[in-house]
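Just so it is clear, none of the values below were taken in a lab; they were calculated from the coordinates. From a predicted model like this one, the values you see are computed outputs, not experimental measurements. All Cβ positions, glycine included, derive from the backbone under ideal geometry; neighbour counts span all protein chains shown.
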Amino acid sequence: MESAVHSFFVSIPQAAALWLVILLAIAVAAVYVALPRSAPPQPLTPAQRDKLRFADEVAVAADRAAATCERLRAEWSAAQEQVDAAWLAFAEADRRARETTRAAAFPLISKRRKPGENADRQRYLHHAAIAACRNREISIAQLNDVLAHRGWNPRLHPVVQEGLLRQAIREHRLSQYEDAQKREQVAWHEAELAAEALRSLRAEATAAVVRAGTAEEPAGDEWFADQWATGEIPAAKAYA
């Protein structure tokens, strides 16, 4: 009798633990069953597929516009650097021309020219002009004027010719600076147009993605009018 009672009390903890495990399993199953089930994905309608396709096309166009915008911004930056370089070149040419102008304030000693001196002066002018053109200090048109003696007197003293040549260099540098400014303005305008086009395409791409993710909405007032019968509108009876 004592052995049976002892066995009964020993088996009570084991039975309690078994029931706790069973209750816990039941509770987990109940929670799992109570969890909301996600609805299976609905197939896309033809209208939604068209919207997604359009959104992809706009996104591709926006990527291309971004590449174009970046390229034009780089060209504008290069044009700005060219403007700065042209200005420095003009400033240097202007400084040298001013130095020559100040030096020309002192009169040259007039003396009788030696035989062949005019030919030497002409040869000096031609060589100096060709060297300046080779260094891109004067243009081809200016060089042609020098060689054809259009506006140039080859019999002048080399100091005077040097001063006139430096003035021609200053004029050419100024023309290069003005041309660089025009190119920079054109590059800036094109970069701004590309940036505006990029902003518009990105906004359109965002709107297209939003439209593609929403249900198709009825368009126009006619759809709403078709959904209501005249008898269902109280105001229609009052004004009939």
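Between Gln181 and Ala67, what length comes free when the chain is fully extended (0.36 nm per residue of separation minus the Cα-Cα distance, one decimal in nm)?
38.6 nm
Using the number of other C-beta atoms within 10 angstrom as an exposure proxy, rank Tyr177, Tyr124 with the fewest first.
Exposure proxy ranking, most exposed first: Tyr124, Tyr177.
Given a Förster distance of 51 Å, report the FRET efficiency between Thr45 and Ala85 from their Cβ-Cβ distance, rounded to the nearest 0.05.
Plugging the Cβ-Cβ distance into 1/(1 + (r/R0)^6) gives 0.30.
So the label point goes 7 Å from the Cα of His126 along Cα→C-beta, right? Which residues of the stretch 148-186 then have their backbone N under 16 Å from it?
The answer is 148-150, 152-156.
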